[in-house]
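Enquirer: Right, I'll just put the structure down here and ask away after.
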Amino acid sequence: MDERRIKELAAEIRLETLRVIHSRGFGHVGGSMDLADVMAVLYGAVMEYDPKQPRWEDRDWLVMSKGHAGPVAYATFGLMGYYPKEEAYTLNQPHTKFPSHMDRKLTPGVDLTTGSLGQGASTAVGAALGNKIDGRKSRVYAILGDGELDEGEIWEAFHFAYAHKLDNLLFFVDKNGYQLDGPTDDILAHSDIAAKCAAFGLYTQEIDGHDVTAIYEAIQNAQSKKGVPSCIVLDTIKGKGATFAEPKREHSSQPKEEQWAEALAAAEQALETIRKA
Amino acid sequence: MDVKVIGKHEKDARACRDALALTLDELMAQDKRICYVDCDLMSCVNTKRLREHYPERAFEAGIAEGNAAGVAAGLAATGKKVFFHSFGTFSSRRCYDQIYMSAAYAGLTVHVLGSDAGVSAAFNGGTHMPLEDGAMYLSIPESTVLDPADYAQLESITRQLPGIEHGVTYTRFVRKGVIQVYEDGSTFEIGKGVVLHESAADQATVIASGILVDEALKAWEALAAEGIAVRVIDMFTWKPLDEDLVEKAARETGAIVTAENHNVTCGLGSVVANCLARRCPTVQEFVGVQDRFGQVGPQDFLMDEYGLRTADIICAVKRVIARK
């Protein structure tokens, strides 16, 4: 993996994610921005896909189970050439192809519809199972939120994935420590998420979710394990890189225009800094 | 459609579940895209054979219906034709959001099978008695909802389901043997009701489905003996409803009785009433469970208890004719 290029891509995704949400003025900034690094690694160095054939049979799949992180996916897909990235600046407008929660019927690149939390874990399992039946090498990457782990369905899906030995399936848990009403420890404390995932039979690693090299290596490590599904717990900072959202770990944000200007300038600066390094 | 009615009101020695299990077994041999997902109830519907014959395509998801429904949707996204079974209570209420959002809203077809329709849940009691499953599936856009009467009809429907690749489908059926209405080999068309009796003298039409079809046929005999001619329609296809046939019956007979093994608040009677209100407002009586919960007991007791008998249909016909 070209670390410098992936870091640059992550910064591009952050800036583009802000632009997508800024087009509407408000949205799920926090849980989108913290995924820029994993999205950069997946789409820049790991996944097999063809932007010109989004439903190419042998592609790898992404299931954004935390469906409200649509903007970071729309930004990534735009940068990767699924569509002109400016198309996503219609976020949440009437008849848009870019709704707040991800919709496989509307957006090129979206493999499964998500939004009702917990459900993407199960559909990812189904997709992994279907690809296995057909003997395809396709892998399925599912991104779950830590708040989303409140849903019992997640654990049912883990159970099924373990029982059916789905080693073509990798779950990420975006452990940013916050959900809509506040800190996850305050809403419904999890104890040790990685230990719980491991107890369900998943080959589990926990890493810095903003370290692209660590993410890449953890994915390679996971893919070398045969006969078990994997899980990578990403320790992240909610709102990472959004100047108005990061300090408060906001779930959704509606900043003033001057705050948007500051955030966009900071994201542009961050990208420039990486490009000059 | 090629239908032969037996007319003997005799119980089929075979269990209805075999119409599903044996037909699916055959279909899965022919079409490698067909998958089957169950929730620890394969033994109840004789589909363990599918897991034995097609271990790579027939799955146990365990007692976790929400996940199972999502897995079914994910399989469908990879191009599979997926059948998903649990008892009707659990394949509707227990996984409704997964079917609604992960499958239907997402544009993925899953063929949902709900066994132990209505009072046929009998000794499993009220907790296992689906009287609202049809309502839930009727309210999902682009869905298909079916309530077959017997073995032959369930077999004919099962053969057609893999050909439906738009929307989710829901088929509610009785596991055990039921009164055999149709000769084996009869074929039915989803979206087309079956006219079982009609004459120019018909004073009302009974539109029934499921185990109420035989009750309706017996009511026709009793009413004929009293000199009251009625039309009888088997409307196993709740959605798409055969609206042309309903309208024609309303125009020609002027009174409608619906009969269903389901809560009348939103089932066959409701979709017929909805159609009539738009196309031909007509007096209607509703035979079915009158907004009550299920309870435990033998099926015969439950059919008496909830007013699902021939006598209830006869009374409803007389009431509706009096209202004309």
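Enquirer: For the stretch A:127-159, what are the residues that are in contact with a Phe, Trp or Tyr (Cβ under 9 Å, 6 or more places away or on another chain) and more than 29 Å from A:K238 (Cβ to Cβ)? I'd like the intermediate steps shown before the answer.
Expert: First pass over the stretch A:127-159, keeping only residues in contact with a Phe, Trp or Tyr (Cβ under 9 Å, 6 or more places away or on another chain): A:127-129, A:131, A:138-144, A:146-147, A:149, A:154-155, A:157-159.
Those that are in contact with a Phe, Trp or Tyr (Cβ under 9 Å, 6 or more places away or on another chain) and more than 29 Å from A:K238 (Cβ to Cβ): A:L129, A:N131, A:S138.
Enquirer: Here is a follow-up. Out of the residues in the stretch A:29-67 that are crowded, with 24+ Cβ neighbours inside 10 Å and among the polar types (S, T, N, Q), state the one that is nearest to A:A245 (Cα to Cα).
Expert: Here the residue is A:S32.
Enquirer: Let me ask something additional. In the list B:V145, B:V168, which residue meets the criterion of being more than 25 Å from B:E285 (Cα to Cα) and among the aliphatic types (A, V, I, L, M)?
Expert: Working: B:V145 fails: more than 25 Å from B:E285 (Cα to Cα).
So the residue among B:V145, B:V168 that is more than 25 Å from B:E285 (Cα to Cα) and among the aliphatic types (A, V, I, L, M) is B:V168.
Enquirer: Follow-up question, since we're still on this one. Quick check on my filter: what residues within the stretch B:232-252 are surrounded by 24 or more Cβ atoms within 10 Å (Cβ to Cβ) and more than 18 Å from the chain's Cα centre (by Cα)?
Expert: B:A249
Enquirer: Within the stretch B:74-116, which residues are part of a helix (DSSP H, G or I), more than 8 Å from chain A (Cβ to nearest Cβ) and charged (D, E, K, R)?
Expert: First, pick out the residues of the stretch B:74-116 that are part of a helix (DSSP H, G or I): B:74-77, B:93-105.
Now narrow it down to the ones that are more than 8 Å from chain A (Cβ to nearest Cβ): B:93-96, B:99-100, B:103-104.
Once the filter is applied, which keeps residues that are part of a helix (DSSP H, G or I), more than 8 Å from chain A (Cβ to nearest Cβ) and charged (D, E, K, R), the stretch B:74-116 yields B:R93, B:R94.
Enquirer: Okay, next question. Looking at A:P99, A:P94, A:P108, A:P84, can you tell me which residue is surrounded by fewer than 22 Cβ atoms within 10 Å (Cβ to Cβ), in contact with a Phe, Trp or Tyr (Cβ under 6 Å, 6 or more places away or on another chain) and not charged (D, E, K, R)? Outline the logic, then answer.
Expert: Values: A:P99 fails: in contact with a Phe, Trp or Tyr (Cβ under 6 Å, 6 or more places away or on another chain); A:P94 fails: in contact with a Phe, Trp or Tyr (Cβ under 6 Å, 6 or more places away or on another chain); A:P84 fails: in contact with a Phe, Trp or Tyr (Cβ under 6 Å, 6 or more places away or on another chain).
After ruling out the rest, the residue left standing is A:P108.
Enquirer: Please work out which one of (1) surrounded by fewer than 19 Cβ atoms within 10 Å (Cβ to Cβ); (2) within 16 Å of A:L62 (Cβ to Cβ); (3) out of contact with any Lys or Arg (no Cβ under 6 Å at 6 or more places or on another chain) is the condition A:D185 fails and give its number.
Expert: A:D185 satisfies every listed condition except (2).
Enquirer: If you check A:P183, A:P108, which single one turns out to be away from every other protein chain (no Cβ under 11 Å), out of contact with any helix residue (DSSP H, G or I) (no Cβ under 6 Å at 6 or more places or on another chain) and under 19 Å from A:L42 (Cα atoms)?
Expert: Details: A:P183 fails: under 19 Å from A:L42 (Cα atoms).
Of A:P183, A:P108, the one residue that is away from every other protein chain (no Cβ under 11 Å), out of contact with any helix residue (DSSP H, G or I) (no Cβ under 6 Å at 6 or more places or on another chain) and under 19 Å from A:L42 (Cα atoms) is A:P108.
Enquirer: In addition: How about the stretch A:150-170: which of its residues are surrounded by 19 or more Cβ atoms within 10 Å (Cβ to Cβ), within 14 Å of chain B (Cβ to nearest Cβ) and either assigned to a helix (DSSP H, G or I) or charged (D, E, K, R) (or both)? Break it down stepwise before answering.
Expert: Of the stretch A:150-170, the ones surrounded by 19 or more Cβ atoms within 10 Å (Cβ to Cβ) are A:151, A:153-154, A:156-158, A:160-161, A:166-170.
Of the ones still in play, those that are also within 14 Å of chain B (Cβ to nearest Cβ) are A:151, A:153-154, A:156-158, A:160-161, A:166, A:168-169.
Those that are surrounded by 19 or more Cβ atoms within 10 Å (Cβ to Cβ), within 14 Å of chain B (Cβ to nearest Cβ) and either assigned to a helix (DSSP H, G or I) or charged (D, E, K, R) (or both): A:E151, A:E153, A:I154, A:E156, A:A157, A:F158, A:F160, A:A161.
Enquirer: A:V173 is checked against (1) facing chain B (nearest Cβ under 10 Å); (2) closer than 27 Å to A:A88 by Cβ and fails just one. What number does that condition carry?
Expert: So the condition that A:V173 fails would be (1).
Enquirer: Also: When you scan the stretch A:106-140, how many residues do you find that are small (G, A, S), in a loop (DSSP other than H, G, I, E, B) and more than 17 Å from the chain's Cα centre (by Cα)? Even if it seems obvious, please write down each step before you answer.
Expert: Looking only at the stretch A:106-140, we keep the residues that are small (G, A, S), and these are A:109, A:115-116, A:118, A:120-122, A:124, A:126-128, A:130, A:135, A:138.
Of the ones still in play, those that are also in a loop (DSSP other than H, G, I, E, B) are A:109, A:115-116, A:118, A:135, A:138.
If we keep only those that are more than 17 Å from the chain's Cα centre (by Cα) as well, we get A:135, A:138.
Matching residues across the stretch A:106-140 total 2.
Enquirer: Additional query: Of the residues B:E52, B:E65, B:E142, only one is over 30 Å from B:R292 (Cβ atoms), of a type in the set (D, E, K, R), without any contact (Cβ under 8 Å) to a residue 60 or more places away in the chain and within 14 Å of chain A (Cβ to nearest Cβ); which? Break it down into steps so the answer makes sense when it comes.
Expert: Numbers: B:E52 fails: within 14 Å of chain A (Cβ to nearest Cβ); B:E65 fails: over 30 Å from B:R292 (Cβ atoms).
Result: B:E142 is the single residue among B:E52, B:E65, B:E142 that is over 30 Å from B:R292 (Cβ atoms), of a type in the set (D, E, K, R), without any contact (Cβ under 8 Å) to a residue 60 or more places away in the chain and within 14 Å of chain A (Cβ to nearest Cβ).
Enquirer: Return the residues of the stretch B:27-65 that are touching a helix residue (DSSP H, G or I) at 6+ places or on another chain (Cβ under 8 Å) and assigned to a helix (DSSP H, G or I); say none if nothing qualifies.
Expert: B:L27, B:M28, B:A29, B:M42, B:C44, B:V45, B:K48, B:R49, B:L50, B:R51, B:H53, B:E65
Enquirer: Find the residue count for the stretch B:117-148, including only residues that are surrounded by 24 or more Cβ atoms within 10 Å (Cβ to Cβ) and not in a strand (DSSP E or B).
Expert: Step one: filter the stretch B:117-148 for residues surrounded by 24 or more Cβ atoms within 10 Å (Cβ to Cβ), giving B:117-121, B:129-131, B:133-134, B:137, B:144-148.
Filter once more, keeping what is not in a strand (DSSP E or B): B:117-121, B:129-131, B:133-134, B:137, B:147-148.
Total meeting the criteria: 13.
Enquirer: Test A:T114 against the criterion of being touching a Gly at 6+ places or on another chain (Cβ under 9 Å) and more than 18 Å from A:A36 (Cα to Cα), and give yes or no.
Expert: Working: touching a Gly at 6+ places or on another chain (Cβ under 9 Å): yes; more than 18 Å from A:A36 (Cα to Cα): yes.
Yes, satisfied.
Enquirer: To continue, here is another question. With respect to B:E260, is the statement that it is surrounded by fewer than 17 Cβ atoms within 10 Å (Cβ to Cβ) and at pLDDT 95 or above true? Write out each step before concluding.
Expert: Working: surrounded by fewer than 17 Cβ atoms within 10 Å (Cβ to Cβ): no; at pLDDT 95 or above: yes.
When the stated conditions are applied, B:E260 does not pass them.
Enquirer: Residue by residue through the stretch A:112-126, note down the ones that are within 7 Å of chain B (Cβ to nearest Cβ) and surrounded by 24 or more Cβ atoms within 10 Å (Cβ to Cβ).
Expert: Result: A:L112, A:T113, A:Q119, A:S122, A:T123, A:A124, A:V125, A:G126.
Enquirer: Another question about this same structure. So if I check each of B:G114, B:G125, which one is among the small types (G, A, S), out of contact with any strand residue (DSSP E or B) (no Cβ under 8 Å at 6 or more places or on another chain) and not assigned by TED's automatic domain parsing to the domain that holds B:E247? Don't jump to the end; show me each part of the working.
Expert: Numbers: B:G114 fails: out of contact with any strand residue (DSSP E or B) (no Cβ under 8 Å at 6 or more places or on another chain).
B:G125 is the lone residue from the list that is among the small types (G, A, S), out of contact with any strand residue (DSSP E or B) (no Cβ under 8 Å at 6 or more places or on another chain) and not assigned by TED's automatic domain parsing to the domain that holds B:E247.
The values are calculated or read from the model by the stated rules, or taken from the named source; none is laboratory data. Since the model is a prediction, treat every value here as computed from it, not as a measurement. As a convention, Cβ positions derive from the backbone with ideal geometry for all residues, glycine included, and neighbour counts pool all protein chains shown.
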